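Novice: The structure's right below; bear with me while I get my questions together.
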Amino acid sequence: MKIMHKLSLSLLAMGLSTVVAAQDVKAKLGTSLPETHPQTIGARKFAELADKKSNGRIKITVYPAAVLGSDQQMQGALRGGTQEFTIPSTATLAGLIKEFGVIGLPFSFASEKQADAVLDGPFGQKLLAKLPEKDLIGLAFWENGFRNFTNSKRPIVKAEDLVGLKVRTMQNTLYIDLFNGLGSNAVPMPVNELFSALESRAVDAQENPFTVVHAQKFYDVQKYLSTTGHAYDALVLLASKKFWDGLTPADRSLLQAAAVEATAFERKTSRDLNQSARADLLKLGMVVNDVSDAERQRMREKLQPVIAKHQATVGQDTAREFFEAIAKAPK
Ligand code: EAX
């Protein structure tokens, strides 16, 4: 009798341990920018929060600076289920889901506050809802920031100064048309190939927020920084749908809570660093000029055909909803 009693107790204990113990989760998160950029600083925060909220059960390892590949290669790895998270510019998603291209329409957002309101509101959530059909889960929009222009030839004081420059752009038809529309020669490439292209003068110019110029050390190969602020660039915290579907509902809620906290942290980090980066870039020897509102307006007017073309590309309904959301959002 005693043996049966012991056996039933051990079976019960095994059963309970199987029911109670949730699985350990291991995940890879790749970013395209260096340790010092908010994209990777935010990624480490997200991993730290997931670890803390799961009492060490969920381990997300962060691989910075395109160690796991370019933004678009990592999106492919998520879709294939061989990588779990990445945080690209939404512009690099537009080839996969055309509606994401609307965020980068030039001169759309007036402030980060307005961008937050639109991206965190119904319009942004509608965009994120399009990701699962491409085997991706969008957890949150993060910030890259307003994109400015750097080059090795001359200050960009007026629109005509862009004419003839070879400009690296993201691999996104809107950005290619944007700079060709201003008379430059657009050269699309992943950001992890950009420093050497600038150093070898394969390209004269690029455009990115101050934080990217600083984190990628573009000040070593670019003399002029001109504050065109021609587009706001959002990032998106992406998960692999194959990975996500394999999680328990409790772990999905835990990671969503970690994403909310990490989003607020990343946006604050981005804004703080963007302020200090401009002053640092001056100290690091860049010649910085503010492009006047009048000249930015002239660029916007010159770009009307490009903006009209890409409103059609993203879909007129999407474009209309986007501008309606902007009109309603606080500046
Ligand atoms: O993914 O490719 C770019 O210029 C982007 O700003 C950046 O890498 C974010």
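The values are calculated or read from the model by the stated rules, or taken from the named source; none is laboratory data. A quick note: this is a predicted structure, and the numbers were derived from the prediction, not measured. Methodologically, a virtual Cβ is constructed for each residue, glycine included, from the backbone with ideal geometry; neighbour enumeration extends over all protein chains shown. Note: areas computed on protein heavy atoms with side chains; ligands, DNA, RNA excluded. Shrake-Rupley method; radii C 1.70, N 1.55, O 1.52, S 1.80 Å.
Novice: With a sphere of radius 14 Å drawn around the Cβ of Phe100, what net charge do the other residues whose Cβ falls strictly inside it have (Lys, Arg +1; Asp, Glu -1)?
Specialist: Details: positive: Lys98, Lys126, Lys130, Lys134; negative: Asp71, Glu99, Glu133, Asp233, Glu321.
That works out to -1.
Novice: With runs of 4+ DSSP H residues as the only contributors, calculate the mean residue ellipticity of the chain at 222 nm using -39,500 (n - 2.57) per run, divided by the residue total and rounded to the nearest 500.
Specialist: Values: 13 runs with 156 residues, N = 331.
Only helices count here, giving -14500 deg cm²/dmol.
Novice: Please state the shape class of region 188-331: rounded when a/c is under 1.5, otherwise prolate if a/b exceeds b/c and oblate if not, all from the C-alpha gyration tensor.
Specialist: Oblate, because a/c is 1.5 or more while a/b does not exceed b/c.
Novice: For a quick check, take a GNM of the chain with Cα springs below 10 Å and name the residue from Thr318, Thr150, Thr40 with the largest mean-square fluctuation.
Specialist: Thr318
Novice: Excluding ligands, DNA and RNA, what is the solvent-accessible area per residue of region 2-318 at a probe of 1.4 Å, expressed in Å²?
Specialist: 42 Å²
Novice: While we're on this one: If we count every other residue with Cβ under 14 angstrom of Phe218's Cβ, Lys/Arg +1 and Asp/Glu -1, where does the sum land? Numbers along the way, then the final one.
Specialist: Numbers: positive: Arg147, Arg168, Arg201, Lys217, Lys223, Arg278; negative: Glu193, Glu199, Asp204, Glu207, Asp220, Asp280.
Neighbourhood net charge equals 0.
Novice: Can I ask one more? With charges only on Cβ, +1 for K and R and -1 for D and E, what is the dipole size of the chain about its Cα centre, in debye, rounded to 20? Write down the numbers at each step before the final one.
Specialist: Values: 41 positive and 35 negative charges, 112 e Å.
Charge dipole, the chain, about its Cα centre: 540 debye, nearest 20.
Novice: Shifting gears a bit: For helix 249-283, report the angle its Cα long axis makes with the longest principal axis of the Cα atoms of the chain; keep it between 0 and 90° and round to the nearest 10°.
Specialist: 30 degrees
Novice: Give me the percent relative contact order of region 220-331, please, defined on Cα pairs under 8 angstrom at least 6 residues apart. Walk me through the intermediate numbers first.
Specialist: Working: 29 pairs, mean separation 54.2, N = 112.
Worked out over region 220-331, it gives 48 percent.
Novice: Restricting the calculation to Cα positions, tell me the Rg (one decimal) and the Dmax (whole number) of the chain in Å.
Specialist: Values for the chain (Cα only, Rg and Dmax): 22.5, 95 Å.
Novice: Helix 316-328 versus the longest principal axis of the chain: what is the Cα-based angle in degrees, 0 to 90, to the nearest 10?
Specialist: 90 degrees
Novice: By how many degrees, 0 to 90 and rounded to 10, does the Cα axis of helix 71-80 deviate from the longest principal axis of the chain?
Specialist: The angle comes out near 30 degrees.
Novice: Quick one: compute the contact order of the chain, relative version, from alpha carbon pairs under 8 angstrom and 6+ residues apart, as a percent.
Specialist: Working: 597 pairs, mean separation 84.6, N = 331.
Relative contact order of the chain: 26 percent.
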